[in-house]
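Enquirer: Input: one structure, supplied below.
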Amino acid sequence: MAKMNMIQALNSALDIAMENDPNVVSFGEDAGYFGGVFRVTAGLQKKYGMDRAFDTPINEAAIAAMAIGMAANGLRPVAEIQFSDYIFPAIDQIVNEMTRLRYRSAGQYTQPIVMRSPWGGGIRGGQTHSMSPEAFFTHVPGLRVVIPSNPYDAKGLLLASIENNDPVLFFEPKRMYNGPFDGKPDGALQSWANHPKGEVPEGHYTVPLDKAEVVREGNDVTVIAYGTLVHVALAAAEKSGIDAEVIDLKTLTPYDIDTLTHSVKKTGRCIVSQEAPRTSGFAAELSAQIQEDCFYALEAPIYRVTGWDTPYPHAHEWSYFPGQDRFINALKSVMEAK
């Protein structure tokens, strides 16, 4: 075991995957020689050469198209989209080609592709570097969407994604890359700030792509989160004094409905959360499914903790970000509701 932050854990996963399988290649804008904007791919080109770790033009559609062709011909590409906000030029390739080729070819071709991308807010990136676009892609059949919340899961989930034979969108919470961000006003990420690094095995291991985890047991209310908000939910549960059970979703599609419903049927109350704007977000999908499966166990309406229906702001980032206070208010409201 070693102490790693999320950047180090992801880099270790890529290094192991490339060492174990010569068909694994890594590429993207500034992802070769420079090692990526956040240094996740640092050192890979020096170790494995320019044929296996290389830079691409600033062309997200071409990055996705290249990954499709590589995968159809036996490679296992790991492509980086520099920020998740920039993934939309590639949406046609991802939605209409990448996710359908296995179906369209009756299994003749697989698409073992991982599309990595820094995701979410919390680093004062403003409206074009802070987006959480996961809901756009959870609606696409044949595409897995994975969002880790800690270094251990980041490495294990990335290795599992690379070894999986279907395309995976692997969103990496920028707020979690290096640990705490100085100046956070309300201490919402205090639990993470005290432990910016985690215990991570140095060798190969995987974390299941379709399994959520109960990271805090409780009996009063179930709180479902993923990515950065797992740590906010944990901090809020501790501060509120409410006996909340917190679940880290990890994989959004396909999500682990059994773990979610088992918890909600135990607690009778539920809060779902997302960084993204409220309307038509992934939290709405979770709310609908839990209502269908747990209707007779629910003792209160399902509450949502989300961002606002606005572009992600810069100057007022912490008013937009679903922080600890917003979670505490939701916890109190759901406990008082009848």
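Enquirer: What number goes with the only condition from (1) free of Cβ contacts under 8 Å to residues at least 60 places away in the same chain; (2) of a type in the set (Phe, Trp, Tyr); (3) part of a helix (DSSP H, G or I) that Trp318 does not pass?
Expert: Of (1) free of Cβ contacts under 8 Å to residues at least 60 places away in the same chain; (2) of a type in the set (Phe, Trp, Tyr); (3) part of a helix (DSSP H, G or I), only one is false for Trp318: (1).
Enquirer: Among the residues of the range 133-149 satisfying the criterion of being assigned to a loop (DSSP other than H, G, I, E, B) and over 10 Å from the mean Cα position of the chain (by Cα), which is farthest from Arg278 (Cα to Cα)? Let's see the steps before the verdict.
Expert: Of the range 133-149, the ones assigned to a loop (DSSP other than H, G, I, E, B) are 133, 139-143, 147-149.
Now narrow it down to the ones that are over 10 Å from the mean Cα position of the chain (by Cα): 133, 139-143.
Values: Pro133: 12, His139: 16, Val140: 20, Pro141: 23, Gly142: 25, Leu143: 23 Å.
Among those residues, the one meeting the criterion is Gly142.
Enquirer: Any idea which residue in the range 218-276 is nearest to Ser117 (Cα to Cα), counting only those that are under 22 Å from the mean Cα position of the chain (by Cα) and assigned to a loop (DSSP other than H, G, I, E, B)?
Expert: Gly227
Enquirer: His139 passes all but one of (1) over 30 Å from Val214 (Cβ atoms); (2) free of Cβ contacts under 8 Å to residues at least 12 places away in the same chain; which number fails?
Expert: All conditions pass for His139, except number (1).
Enquirer: How many residues are surrounded by fewer than 16 Cβ atoms within 10 Å (Cβ to Cβ) and not charged (D, E, K, R) when one looks only at the range 202-246?
Expert: Number of matching residues: 7.
Enquirer: Further question: If you take the residues of the range 83-129 that are closer than 21 Å to Tyr312 by Cβ and surrounded by fewer than 16 Cβ atoms within 10 Å (Cβ to Cβ), which of them is modelled with the lowest pLDDT?
Expert: Arg124
Enquirer: Please work out if Leu249 is among the aliphatic types (A, V, I, L, M), assigned by TED's automatic domain parsing to the domain that holds His314, under 23 Å from Ile123 (Cα atoms) and at pLDDT 95 or above.
Expert: yes
Enquirer: Could you go through the range 1-12 and let me know if any residue there is surrounded by fewer than 15 Cβ atoms within 10 Å (Cβ to Cβ), of a type outside the set (Asp, Glu) and assigned to a strand (DSSP E or B).
Expert: yes
Enquirer: Would you mind stating whether Leu331 is assigned to a helix (DSSP H, G or I), under 18 Å from Phe136 (Cβ atoms) and either touching a residue at least 60 places away in the same chain (Cβ under 8 Å) or not assigned by TED's automatic domain parsing to the domain that holds Gly218 (or both)?
Expert: Here the answer is no, as Leu331 does not meet what is asked.
Enquirer: Filter the range 159-174 down to residues that are farther than 18 Å from Phe137 by Cα and touching a helix residue (DSSP H, G or I) at 6+ places or on another chain (Cβ under 6 Å) and give me whichever is surrounded by the most Cβ atoms within 10 Å (Cβ to Cβ).
Expert: My answer is Ile162.
Enquirer: Is there a residue being under 17 Å from the mean Cα position of the chain (by Cα), part of a loop (DSSP other than H, G, I, E, B), at pLDDT below 95 and on the phi < 0 side of the Ramachandran plot anywhere in the range 279-289?
Expert: There is no residue in the range 279-289 that is under 17 Å from the mean Cα position of the chain (by Cα), part of a loop (DSSP other than H, G, I, E, B), at pLDDT below 95 and on the phi < 0 side of the Ramachandran plot.
The values are calculated or read from the model by the stated rules, or taken from the named source; none is laboratory data. Not measured: the values here are computed from a predicted model. Quick reminder, even Gly has a Cβ in these numbers, built from the backbone with ideal geometry, and neighbours come from all protein chains shown.
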